[in-house]
Amino acid sequence: MLEQLLIFTRGGLILWTCKELGNALKGSPIDTLIRFCLLEERSGSNSYNYDAPGAAYTLKWTFHNELGLVFVAVYQRILRLLYVDELLSMVKREFCEIYDPKRIDYNDFDETFRQLRKEAEARTEDLKKSKQVGRPVNDSKKQGHVKKGGADGGNKKKSEAKGGSDDDDDNRAGHNKLENGHSNGHHIETDGSRGLAIGNGKENASVNVGAFDVSKLQKLKNKGGKKNDTAVSDSKGAKADPKKKATKKNRVWDDSPSQSKLDFTDPVENGNENIDVVAANQGESMMDKEEVVSSDSEDDEDEVGKGSAPNSKKKGWFSSMFQSIAGKANLEKSDLEPALKALKDRLMTKNVAEEIAEKLCESVAASLEGKKLASFTRISSTVQAAMEDALVRILTPKRSIDILRDVHAAKEQRKPYVVVFVGVNGVGKSTNLAKVAYWLQQHNVSVMMAACDTFRSGAVEQLRTHARRLQIPIFEKGYEKDPAMVAKEAIQEATRNGSDVVLVDTAGRMQDNEPLMRALSKLVNLNNPDLVLFVGEALVGNDAVDQLSKFNQKLADLSTSPNPRLIDGILLTKFDTIDDKVGAALSMVYISGAPVMFVGCGQSYTDLKKLNVKTIVKTLLK
Amino acid sequence: MEGIEQWKSEAEQRIQQGIEYVLQIPPVQLYSAAAVLVFTTLLFILVRLLRRPKSNTIVLSGLSGSGKTILFYQLRDGSSHQGTVTSMEPNEGTFILHSEAGKERKVKPVHIVDVPGHPRLLPKLDEFLPEAAGIVFVVDALEFLPNLRGVSEYLYDILTKASVVKKKVPVLICCNKTEKVTAHTKDFICKQLEKEIDKLRTSRSAVSDADVANDHTLGTPGKTFSFSQCTNKVSVGEASGLTSKIADVEQFIRDNVKP
C-alpha cells in the first residue's frame, strides 16, 4: 500500500497530499530525497531508498517541468508495488488540468485520486496474473535492468548496513522491473530495521556497472556485513597482486617479519652536512591570488548550433527556425536527445568519465521534459543552459571549505588539526603535501609533517628534504614501521609541542589492493583525522570513478566504528598538464560528493590554488 | 509609376521650400532653438539617470530549514497551508501583505523573494541581492547551536557582499520558530552570532589582501564585533512562522518599502 503521495512545487510549497493515506511519514523522507537526490543531479534515476528508525521507504517521483511541480510517491520498501509509476503519470496528467498557480488547495483532487488509484491497482492485478505465466522471462530482464538501474540516488545518512544479501531476495520474490537496481543506498539508523531481511539487499550490481552512487556512501558507513561488495568487485578487474614476480623480493603487507634490512637511509651524521637549501620565500601561494577570469566570447552558441544541425536531419532548416521563433509546445525526450547526445560527447572529450556524463544527461533530460520552449530559443541553447546550471550546482561545495577556519577552531580546543593524504600511486601526494604546508605556513599556522609512507624507498627522505626547506618539524620513524602507529605518535608529538596542523603522508596504493586498503582504513580509524583528503590527478579518466568509489567503500567496510570516516575532500593535482580537459574534477566531485579543496597546478611550492567553479563549467561546455 | 514620380517631385519641392524657409530665419533664433532642444533633452536624460527608483524587493534568506518558505506564504496569504519541503527554486511574488489587504489606504505591493538555503543553491542569492531594499535573514531559533557555524558564515557572507555594503541595505535577523519552548531568545542568538562573526573576521581576513571570498571586511578591527559596527542597519526580531506571529517582519518590510 502506498504510504503517501505528495504534490509540491519546486519552490517548496506542498499543494496536495492524499488524505486517505493519512499515515505520518517517519523521519523526513521527502527532504532527504530533495537534498541528496534531486539537488545532486541524480533525478534521472528511478527511485530512492530512505531508511529511518522504524521504517524503510522507497520513493518514486516525477516532474512536470513546465508548471514546476514535483509528484512523489512513498511506499514501504518490502511491498513491491508495480503500479506506482503508472499512477504517478496518471496523477500528473489529471492534476495539471486542474492546476492553477493562484490556487493553493486542491481538495477536489481527492476524489480523482481515489479513482486513479483503483484503476492503477486493477490494471496491475491483471498484469500480475499475466506475469505469473511469464516468470522465467524476467530473469533475463533482470540482467538488463541491473545494468541500467545502477545509478540510484541514495541518502547520505549514517546508518548500519543491512544484513541482507543482495541476490537472494531478488530471486525469492517476483522479479519486479521497478525494484531492480533500486535496492542500494539504504541506511538504517537503528537495529530496528534489521528485521526487514526480505527488503532489498544492496544491489551490488551497481558496483558491476561501475556506477557508484553517493547513496552508498552513508549506507556503507556501517559494518554489519558488507562483505559481498568485495566478492562482486572481482568482476571489476584484476586485483593488484603483490605476490606476482618471483624475481623481486616483494614487500608484503602483512605481519610476517620482514626479510632483510631495507632501510638504506644515510646515517644521521651525513644528513646534516647536506646542503640545506632553505626555501625562504618563494612568494605568495596561488591560493591567495585572485583568479584572472578571461571573458570568453559567446561563440560557443554558434558551435552548438552547427553541431546539432546535422542531427536534426529531416526537420529541415525552415521548420527548425520556425519552431525556434514560435516556440514549440512541449519538449519531448526525442527532441532533447540529439542535443543531449552532443553535449554528452562534448563532456567526454573533456575527459569526464562516461557514466558520469550519462547520468548527468539523464538528470538534465528529466528536468527539461515537458517544458515549454520559450520563443527565439533553440533546443540546444535550452539544454546547454540547463546543463550549465546543473554543473554549477554539482561543483558548488555543499559545506564550507574554509580550512583556516577549521584550523582555528581546532586550535581553540588545543588539539592539532590532522590531515591525511590518500590516493593511488604517483598522483603527487608528497609534493602537494609540501605545497599545502607552505601555504599554511604563509598564514602563520605551525605545521608538522608525519612520514607515514614507510614503504616506498626514498619517501621519508623526500619529506625530510621538504621539511628542511620549509623549516618545519617532521616526525619520522624510518621504514617498515606500521603507518598507523607512526601517525598516532606523530599526533601525540604535535600535541606536545603545540603544532597547529599535522599533515600525514601515506603510501600510494591501488584501490583494489585489499591488504593495503585495510592498512589505510586502520590508519584512518585509529587516528580519526579531521580531514581525509583524496589526492587525484587531473589526467585520470574513467578510472576516477573506480578509484573514488573503491576508496570510499573500503574505508567504510573495513572500519570498526559505527560511523566510518570517508573521504572529506579532494585535492586535484597536475592541473597544469591538462589544457582544457578538466572533466576529472567533475567526475570526482559527482561520484564522491566531496568538494575539491585544492588544485595543484605545478611543481613548485606556490602552485596551489582553489577551484574556480565558473571557469571549470565554462571550459567544460566550450 | 507616374504617381511615384509625381510624389517624388512633390517631395522634392517641399524639401526645397523647407530649406528656403529655414535659411530665412535669422541665425540667432535658429541656434537658440537648437540649444533649448539640446538642453531639455540632456536634462531629461540626467534626471532619469540620477533618480534611482527605490526598489521594493525584500529578500528572505537563511539556512535550509529555517522557515523562509513558510514565512513567505504567511506574508502572502496569512497561512502556511499544508506545509513545505526543502525548496529547490526561489519563490517570488509581488503582492500586498496579507495583513494589510483589508486596509483602505493605498499600499504599495511588495516584491518578496524567498531564496533557497541549500548550500548548492547559493549562487541564486547573488541574482537577487543587487536589487534588494531589505534583507530578512531567518534563523532557526530551535536548532541554533548545532548550526551556529553555518549560520554565522552565511550571515558573514551576506554582510560582506559588495552590493549590500555599498547600498547599505538594512538587515533584519529574524529568529524563527519561537513558539517552541526550547527556542533560544533573540538576545542570546544575537550575542552568539556576534561572537562567531568576530572569530570569522580574524580567520577570513587572515587569508590575504586579495581575498577572493569576501569583498569587504566587517566592523572595526581591534574591537570585538557587534552589529552596531556595520554600516548598514542590522536589527534583530522574532517570529513564528507556523503560528502567524510575523509582526516584526511586517514592520521591517513596511519601514523599508515606502508606500
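The values are calculated or read from the model by the stated rules, or taken from the named source; none is laboratory data. Small disclaimer: the values here were computed from a predicted structure and weren't measured. Cβ atoms come from the backbone with ideal geometry, glycine included; neighbour counts cover every protein chain shown. Each accessible area value is taken on the protein alone, full model and side chains, heavy atoms only, with ligands, DNA and RNA left out. Shrake-Rupley method; radii C 1.70, N 1.55, O 1.52, S 1.80 Å.
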**OP:** Return a yes/no flag: does the range B:41-63 have any residue that is of a type in the set (S, T, N, Q), touching a Phe, Trp or Tyr at 6+ places or on another chain (Cβ under 9 Å) and either open to solvent by 100 Å² or more (accessible area, probe 1.4 Å) or under 25 Å from B:GLY134 (Cα atoms) (or both).
**Re:** yes
**OP:** Output the qualifying pairs, or none if there are none: Cβ atoms under 7 angstrom, residues six or more apart or on different chains, first residue in the range A:396-412 and within 8 Å of another protein chain (Cβ to nearest Cβ), second residue of a type in the set (Asp, Glu) and surrounded by fewer than 16 Cβ atoms within 10 Å (Cβ to Cβ).
**Re:** none
Subject >> Test result for B:LYS186, more than 12 Å from chain A (Cβ to nearest Cβ), open to solvent by 10 Å² or more (accessible area, probe 1.4 Å), touching a Cys at 6+ places or on another chain (Cβ under 8 Å) and not aliphatic (A, V, I, L, M) >> reply: yes
**OP:** Take B:SER66 and decide whether it is within 14 Å of chain A (Cβ to nearest Cβ), open to solvent by less than 20 Å² (accessible area, probe 1.4 Å) and touching a strand residue (DSSP E or B) at 6+ places or on another chain (Cβ under 6 Å).
**Re:** yes
Subject >> Within the range B:231-247, tally of residues that are in contact with a Leu (Cβ under 7 Å, 6 or more places away or on another chain) and either closer than 20 Å to B:VAL164 by Cα or open to solvent by 70 Å² or more (accessible area, probe 1.4 Å) (or both) >> reply: 2
**OP:** For the range B:38-54, state whether one or more residues are at pLDDT below 85 and under 30 Å from B:HIS118 (Cα atoms).
**Re:** yes
Original post:
Do the conditions hold for A:LYS415, that is, is it open to solvent by 20 Å² or more (accessible area, probe 1.4 Å), outside any helix (DSSP H, G or I) and in contact with a helix residue (DSSP H, G or I) (Cβ under 8 Å, 6 or more places away or on another chain)?
Top reply: yes
Original post:
What are the residue pairs meeting all of these: first residue in the range B:137-151, first residue within 14 Å of chain A (Cβ to nearest Cβ) and farther than 20 Å from B:ILE70 by Cα, second residue open to solvent by 10 Å² or more (accessible area, probe 1.4 Å) and outside any helix (DSSP H, G or I), Cβ atoms under 7 Å, and 6 or more apart or on different chains?
Top reply: B:GLY150/B:LEU63
**OP:** Give the residues of the range A:76-113 that are under 29 Å from B:ASN91 (Cβ atoms), more than 14 Å from chain B (Cβ to nearest Cβ) and not charged (D, E, K, R), sorted by residue number.
**Re:** A:VAL84, A:LEU87, A:LEU88, A:SER89, A:MET90, A:VAL91, A:PHE95, A:CYS96, A:ILE98, A:TYR99, A:THR112, A:PHE113
Original post:
Which of the residues that make up the range A:85-127 are under 38 Å from the mean Cα position of the chain (by Cα) and of a type in the set (S, T, N, Q)?
Top reply: A:SER89, A:THR124
**OP:** May I ask you to list the residues in the range B:115-129 that are more than 10 Å from chain A (Cβ to nearest Cβ), at pLDDT below 85 and touching a helix residue (DSSP H, G or I) at 6+ places or on another chain (Cβ under 6 Å)?
**Re:** B:LEU129
**OP:** Tell me, please, whether a residue that is open to solvent by 10 Å² or more (accessible area, probe 1.4 Å) and assigned to a helix (DSSP H, G or I) can be found in the range A:526-539.
**Re:** yes
Subject >> Boolean, A:ALA385 is under 30 Å from A:ASP500 (Cα atoms), surrounded by fewer than 18 Cβ atoms within 10 Å (Cβ to Cβ), more than 21 Å from the chain's Cα centre (by Cα) and without any contact (Cβ under 8 Å) to a residue 12 or more places away in the chain >> reply: no
Original post:
Do you know which residues across the range A:418-444 are of a type in the set (S, T, N, Q), part of a helix (DSSP H, G or I) and more than 27 Å from the chain's Cα centre (by Cα)?
Top reply: A:GLN441, A:GLN442
Original post:
Mind checking which residues of the range A:459-485 are open to solvent by less than 30 Å² (accessible area, probe 1.4 Å) and farther than 25 Å from A:LEU404 by Cα?
Top reply: A:ALA459, A:VAL460, A:GLY478, A:TYR479, A:PRO483, A:ALA484
Subject >> Subset tally (residues that are out of contact with any Gly (no Cβ under 6 Å at 6 or more places or on another chain) and in contact (Cβ under 8 Å) with a residue 60 or more places away in the chain) for the range A:365-376 >> reply: 7
Subject >> Elements of type strands (runs of 3 or more DSSP E) contained in the range A:1-61, each with 2 or more residues being open to solvent by 10 Å² or more (accessible area, probe 1.4 Å) and within 14 Å of chain B (Cβ to nearest Cβ) >> reply: A:2-9, A:14-17
Original post:
For the range B:6-27, which residues satisfy the criterion of being at pLDDT 85 or above and not β-branched (Val, Ile, Thr)?
Top reply: B:GLN6, B:TRP7, B:LYS8, B:SER9, B:GLU10, B:ALA11, B:GLU12, B:GLN13, B:ARG14, B:GLN16, B:GLN17
**OP:** Restricting attention to strands (runs of 3 or more DSSP E) lying wholly within the range A:445-512, give those where 2 or more residues are under 23 Å from A:GLY536 (Cα atoms).
**Re:** A:447-451, A:501-505
